[in-house]
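Report on one structure; see the data block that follows.
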Amino acid sequence: MWVVPEKEIAGLMTPEAAFDAVEAVFAAMASGEANNFPVVREAIGHEDALYGFKGGFDKSALNLGLKAGGYWPNNQKRDLINHQSTVFLFDPDTGRVSAAVGGNLLTALRTAAASAVSIKHLAPEGAKVLGMIGAGHQSAFQMKAAARVGNFERVIGWNPHPEMLTRLADTAAELGLPFEAVELPRLGAEADVIISITSAFEPLLMDAHVKGRTHIAAMGTDTKGKQELDPALVARARLFTDEIAQSLSIGEFQHASAAGSISDGDVTAIGQVITGNHEGRGDAEITIFDGTGVGLQDLAVAGAVVDLARQQGKAVEVEI
């Protein structure tokens, strides 16, 4: 099998390549060529950690495997990021393990790529103001990915811990964009595109906050109980996601679904928009993309990294 260490990922996978891989796998899912397996994600009762597995098989790319890992909220005291994961790939012809790939940076890149795909296909025309909710590790990746697909003129942001907003300010400066810290009512009123990337367990962005034509990429909810958006906001929007069943069970739309204000038929897979089988935004005032994070995204970027690592001599071959 091939091993691609975490330290090599930054020199192999670009945000542009991640975007292309994620957009392609969403299209493959919509065409029935790729399927995700049921997610296992549990609180382990130690270090407040969440641990689980996301896997699937993409017949078009012949990517079979899973990502193992989760969220360790106390890792900062160990000088580690909170999200930790490894991707394992298997030979679909034989079942033998073919690769193990460091998944931390890949997770950040593929998560940012997913929101950027939604912005490309669903943002209102002429969107100029990007709103950021959350200033954790992944927020910088999210802002940079959004800036690559959108023609934004400024960034506004909010975080439950204001001292962390320097990350957003620094990232915006790197992109040549002015940044301003604002409260959530103003963010919802002024932003044309909003990315939420937090680990919240109660709604942050309320229905009354959001004014005018807006696209929201809700990227933080991937576990039962997590929540970033007011269910009333979800109920009045046109809804899209990466995987419908996952969105309604562990994603942002779980709460509106449980309340009976939306049904399965109200949610569209983003791949249907990519393949031209759904009009996308249409005349909707508000669109929401629920990025729950699917195993096929991880397999897509990991498969691309393995190919690049082998070509560049950065993959380590081991016998197992």
With the chain reduced to its Cα atoms and the Debye formula applied, log10 I(q)/I(0) at q = 0.07, 0.09, 0.16 1/Å amounts to -0.25, -0.42, -1.40
With the 1.4 Å probe rolled over protein heavy atoms, region 1-159 has an accessible area per residue in Å² of 42
Relative to the chain, whose Cα atoms define the longest principal axis, helix 104-122 and its Cα axis are tilted in degrees, nearest 10, by 50
Classified through the alpha carbon gyration tensor (a ≥ b ≥ c as square roots of its eigenvalues; rounded if a/c is under 1.5, else prolate when a/b is larger than b/c, else oblate), region 78-146 comes out oblate
Most fluctuating of VAL117, VAL129, VAL87 in the GNM of the chain (C-alpha, under 10 Å) is VAL129
Two pseudo-spin positions, 7 Å from Cα along C-beta at GLU180 and at ARG236, lie apart in nanometres by 2.4
Note, region 89-97: 3J(HN,Hα) by Karplus (6.51, -1.76, 1.60, θ = phi - 60°), whole Hz, Gly/Pro = x, goes 10, 10, 6, x, 7, 10, x, 6, 5
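Which percent of the accessible area of the chain is formed by carbon and sulfur heavy atoms (probe 1.4 angstrom)? Numbers along the way, then the final one.
Numbers: 6840 of 13340 Å².
Answer for the chain: carbon and sulfur cover 51 percent of the accessible area.
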Sequence order, region 172-184: Karplus ³J(HN,Hα) from phi using 6.51 cos²θ - 1.76 cosθ + 1.60, θ = phi - 60°, Hz rounded, Gly and Pro as x, gives 4, 4, 4, 8, x, 10, x, 10, 9, 7, 9, 7, 4
Any residue on another chain or 5+ positions along whose placed amide H is under 5 Å from the amide H of ALA217 is listed here as ILE194, ILE195, SER196, PHE289
Listed by chain and number, the residues whose amide H is under 5 Å from that of ALA99, excluding neighbours fewer than 5 places away on the same chain and using placed H, are TRP2, LEU89
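Using the structure shown, list the pairs from LYS54/LYS226; LYS144/LYS224; LYS67/LYS224; LYS7/LYS314; LYS128/LYS211; LYS59/LYS226 with a Cα-Cα distance above 21 Å, or answer none.
Too far apart for the 21 Å limit: LYS144/LYS224; LYS59/LYS226.
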With N residues in region 122-259, Rg(alpha-carbon) / (2.2 N^0.38 Å) equals 0.98
The set of residues whose placed amide H lies less than 5 Å from the amide H of GLY55, leaving out same-chain residues fewer than 5 positions away, is PHE37, LYS67, GLY295
The ³J(HN,Hα) series, computed from each phi in region 218-223 with the Karplus coefficients 6.51, -1.76 and 1.60 at θ = phi - 60°, rounded to the nearest Hz and given as x for glycine or proline, is 8, 10, x, 8, 9, 8
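Ranked from highest to lowest mean number of other Cβ atoms within 10 Å per residue, what is the order of the peptides 165-177, 16-28? Don't jump to the answer; show the numbers that get you there.
Details: 165-177: 16.2, 16-28: 22.5.
Packing proxy ranking, top to bottom: 16-28, 165-177.
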Protection proxy (average C-beta count within 10 Å per residue), highest first, orders 199-205, 154-160 as 154-160, 199-205
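Need one number: % antiparallel among DSSP beta bridges in the chain, to the nearest 5. Spell out each step's value before the answer.
Details: 31 of 64 bridges.
About 50 percent, rounded to the nearest 5.
The values are calculated or read from the model by the stated rules, or taken from the named source; none is laboratory data. Please read all numbers here as calculations on a predicted model, not as lab measurements. Note: ideal-geometry Cβ built from the backbone for every residue, glycine included; neighbour counts use all protein chains shown. Accessible surface areas use protein heavy atoms only, side chains included; no ligands, DNA or RNA. Shrake-Rupley method; radii C 1.70, N 1.55, O 1.52, S 1.80 Å.
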